[in-house]
Amino acid sequence: MAERSADGPALAVEMRGIIKRFPGVVANAGIDLIVAKGEIHALLGENGAGKSTLMNVLFGIYHPDEGEIRVDGRGTRFTGPRDAVGAGLGMVHQHFMLIPRFTVTENVILGSEGSSTFRLDRQAAERRVADLAEAYGLRVDPHARLGDLPVGMQQRVEILRALYQGSRTLILDEPTALLTPQEVDELYRILQRLREGGGTIIFITHKLREVAAISDRVTVIRRGRTVGTRVTSETTATELAELMVGREVVLRVDRPPATPGEPVLVAEDLVASGIRGEAALRGLSLTLRRGEILGICGVEGNGQAELVEILAGLRKADKGRVILKGQPITNVDPKALRRAGLSYIPEDRHNRGLVLDFSLTENVLLGNADEPPFSHGGRIDGDTTQALTQSLMEQFDVRAPSPATPARALSGGNQQKLIIARELHRQPDALLAVQPTRGLDVGAIEFVHKQLVQERDQGRGVLLISFDLDEILDLSDRILVLFQGRIVGEYLSGHVSRTELGLRMGGRGGDEHAAVAD
C-alpha cells in the first residue's frame, strides 16, 4: 500500500532533508518536497535556487549526499535514470533529449526497445504511440520527422515518451520556456487531462502566472532551502514572489511615458527566405526611434528569426535595406554593426550568446576583445577585463564563485544575466532584445525590465521581441504584430488588449488601418 500523508492523500513523492553539494556550491541544503498522488504540484524558485538540481536528484541523474527519497511510499536509491523510469517517474527536460532526424515514433520508443534479438514491430509501435497521443489529446503524427516539428510539438513527443515508458509521475522542467501563448494553453489542457487520468505532475517554474493557472499546490525554495508550501488557491502572487526572493517585489513595470526622438534603426521593405526556401519576410518595414521600446509579437515561425538575424548581421536580406543612425548597414557583418552602435541579446543563449566552456571573463570579452578598455595596442588587458567582469557580476547579480568560473556552471538565468550585462555595458544606440527574460525568475525579470526601461530613458532605442504577451504589454511603448512575414497591426501602449493581440497574431482581428497607431 502507498503511504499516506498526515492529511490523508496517498503520496507520489517524498523528499526529506535532501542535500546535494558540488565543488564550492551547496545546491540543495536540506530541501523537503511532499507531492500527493493526482495533483499538479508547482516547484517555484528563483534562478539558481536548486529546483532543477532537486529534480535531477529525484530522477537519478544526481545522487544525494544526504536525505531520504520515497516514491509511491517506497524508499528508493536510484543508481541512474533507468531506475527512476522503472519506478514510474518520467522527466521532460528544459532542453529536449530528442534526435531531430528520427521520427516521432523512433524518439518515443528510444530506450524502450528491450534486449530481444527479434526485429522491432514498427507498425505495432506506431499504433501504440498513436493510441497514447489520442488518449491524452497530444495530437502528433507518429510518422513525422522530429526536426520538422515546431517546439510545442517536440515537447509533446517528450511527454509521449514518458507515458510510453509507463510514467505515473511526470516531472516538467520549465516546460513553457520556449512555447508561444497558444502552445502554453494547449500544454495546460494536456496536463489537466493527464491529472484526470490519475497522473501526478511536478511542474518546475519561476513564473507566478503559471503557478496560478495550473497548480493545486506550490512549494517555494530559495537558496537551496524549502521556505514554504501553499495551496495555490489560498495564496497570492505577491506572497509567492516575496517567498521566492526574500524581499518585496514590484510585479508591475514602472514605465514613465516615453519621449521618442529621431529614428535610430530603420528597416525598409525587407524580403527574406526561410531555411526551406519559403517566403519568411514579405516586404517588412519598421522604424525604431531613440527613447522608445518597440515590441514585436507574433506566433513563432512568422518571420521573427529572419528579421532579427538580418538586423544583427547574421543573415543577408534578399531585398530591402537596413539603416542605423542614418547610415545604410544592409548585410553588414556583426562586428561592424557592434562598432556602429548595435547590441544584441539573442534568444538562444547557448548557441548565440555564450561559449559555455569559456570563463565568465572570456565571455565578457566576446565581441569586445579588440576595443578599450578590454585591450590596448592589440593586447588584452587581463586585469582590467577581470575587474570589469567582477563589477558586472555584482551589478547584474550574476551568481558565480568568480569571474574564472566556466559559463557552463551557471544556471540558465545567470547565463542570461551575464549576456545582458555584456551587451548593455557597451551603451549601444540600438538594442535588439530577443526573449531577454526567458528562463529568468520574477526577481531577475524585475531587474531586467528596469534595465531596459533605463536604456530607453537614456535615449536608446530598444527593439523587443518576445513570445510573452505580458512582457510585450508591460514594456512596449509601441507594439507591432507580425504575421506571415508582414506587419499586420501597430498599437500604442495601453490601446490594445491581450485578446486583440492574440487575434492579430493568428491573422484575424479588426480592420488593420483602424488598429495602426497614429
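So, of the residues in the range 198-221 that are of a type in the set (S, T, N, Q) and in a strand (DSSP E or B), which turns out to be modelled with the lowest pLDDT? Walk me through how you get there before you give the answer.
So in the range 198-221, the residues of a type in the set (S, T, N, Q) come out as 200, 205, 215, 219.
In the following step, the residues that additionally are in a strand (DSSP E or B) were identified as 200, 205, 219.
Details: 200: 96, 205: 86, 219: 97.
Checked the range 198-221; the qualifying residue modelled with the lowest pLDDT is 205.
Restricting attention to the range 160-175, and to residues there that are part of a loop (DSSP other than H, G, I, E, B) and either surrounded by fewer than 24 Cβ atoms within 10 Å (Cβ to Cβ) or on the phi > 0 side of the Ramachandran plot (or both), which single residue is modelled with the highest pLDDT? Can you show your working first?
Going through the range 160-175, the residues part of a loop (DSSP other than H, G, I, E, B) turn out to be 165-168, 174-175.
Cutting the leftovers down to either surrounded by fewer than 24 Cβ atoms within 10 Å (Cβ to Cβ) or on the phi > 0 side of the Ramachandran plot (or both) gives us 165-168, 174.
Numbers: 165: 88, 166: 89, 167: 91, 168: 94, 174: 82.
Selected residue: 168.
On the basis of being within 20 Å of residue 198 (Cα to Cα) and not assigned by TED's automatic domain parsing to the domain that holds residue 56, does residue 126 make the cut?
no
Which condition number does residue 447 fail, the rest of (1) surrounded by 20 or more Cβ atoms within 10 Å (Cβ to Cβ); (2) at pLDDT below 90; (3) of a type outside the set (S, T, N, Q) being met?
(1)
Please tell me if residue 109 is buried (at least 17 other Cβ atoms within 10 Å of the Cβ), in the same structural domain as residue 141 (by TED's automatic domain parsing) and over 19 Å from residue 217 (Cα atoms).
Values: buried (at least 17 other Cβ atoms within 10 Å of the Cβ): yes; in the same structural domain as residue 141 (by TED's automatic domain parsing): yes; over 19 Å from residue 217 (Cα atoms): yes.
It is true that residue 109 is buried (at least 17 other Cβ atoms within 10 Å of the Cβ), in the same structural domain as residue 141 (by TED's automatic domain parsing) and over 19 Å from residue 217 (Cα atoms).
Among the candidates 20, 51, 37, single out the residue that is in the same structural domain as residue 231 (by TED's automatic domain parsing) and farther than 23 Å from residue 231 by Cβ.
20
Here is a list of conditions, (1) surrounded by 14 or more Cβ atoms within 10 Å (Cβ to Cβ); (2) over 27 Å from residue 505 (Cβ atoms), and residue 305 meets all of them except one; can you say which number that is?
For residue 305, the exception is condition (2).
Name every residue in the range 401-413 that is at pLDDT 90 or above and buried (at least 21 other Cβ atoms within 10 Å of the Cβ), in order of residue number.
403, 407
Take the conditions modelled with pLDDT of 95 or more, farther than 25 Å from residue 237 by Cα and in contact with a Phe, Trp or Tyr (Cβ under 8 Å, 6 or more places away or on another chain) and apply them to residue 432. Does it pass?
On the way: modelled with pLDDT of 95 or more: yes; farther than 25 Å from residue 237 by Cα: yes; in contact with a Phe, Trp or Tyr (Cβ under 8 Å, 6 or more places away or on another chain): yes.
Criteria met by residue 432.
Taking only pairs six or more apart or across chains, which ones have beta-carbon atoms under 6 Å, a first residue in the range 393-411 that is under 19 Å from residue 454 (Cβ atoms), and a second residue that is buried (at least 19 other Cβ atoms within 10 Å of the Cβ)?
Taking only residues 6 or more apart or on different chains, the pairs are 396/417; 396/421; 398/414; 398/417; 398/418.
Given (1) β-branched (Val, Ile, Thr); (2) surrounded by fewer than 14 Cβ atoms within 10 Å (Cβ to Cβ); (3) touching a residue at least 40 places away in the same chain (Cβ under 8 Å), where does residue 259 come up short, assuming only one miss?
(3)
Among the strands (runs of 3 or more DSSP E) lying completely within the range 222-333, list those that include at least 2 residues that are assigned by TED's automatic domain parsing to the domain that holds residue 471.
So the answer is 263-273, 279-289, 293-297, 319-324.
Only one of (1) farther than 24 Å from residue 104 by Cβ; (2) part of a helix (DSSP H, G or I); (3) touching a residue at least 40 places away in the same chain (Cβ under 8 Å) is not met by residue 195, so which one is it?
Residue 195 satisfies every listed condition except (1).
Consider residue 125 against the criteria (1) under 24 Å from residue 50 (Cβ atoms); (2) crowded, with 18+ Cβ neighbours inside 10 Å; (3) free of Cβ contacts under 8 Å to residues at least 24 places away in the same chain: it satisfies all of them except one. Which criterion is unmet?
(1)
Please determine, by comparing only the residues of the range 379-425 that are more than 19 Å from residue 441 (Cα to Cα) and among the acidic types (Asp, Glu), which one is nearest to the chain's Cα centre (by Cα).
Filtering the range 379-425 for residues that are more than 19 Å from residue 441 (Cα to Cα) and among the acidic types (Asp, Glu), the one nearest to the chain's Cα centre (by Cα) comes out as 423.
Can you pull out the strands (runs of 3 or more DSSP E) entirely within the range 20-83 that have at least 3 residues that are at pLDDT 95 or above and β-branched (Val, Ile, Thr)?
Once the strands (runs of 3 or more DSSP E) in the range 20-83 are filtered for at least 3 residues that are at pLDDT 95 or above and β-branched (Val, Ile, Thr), what remains is 25-36.
The values are calculated or read from the model by the stated rules, or taken from the named source; none is laboratory data. Everything quoted here is computed from the prediction, not taken from an experiment. Note that each Cβ is placed from the backbone with ideal geometry, even for glycine, and that neighbours are counted across all protein chains shown.
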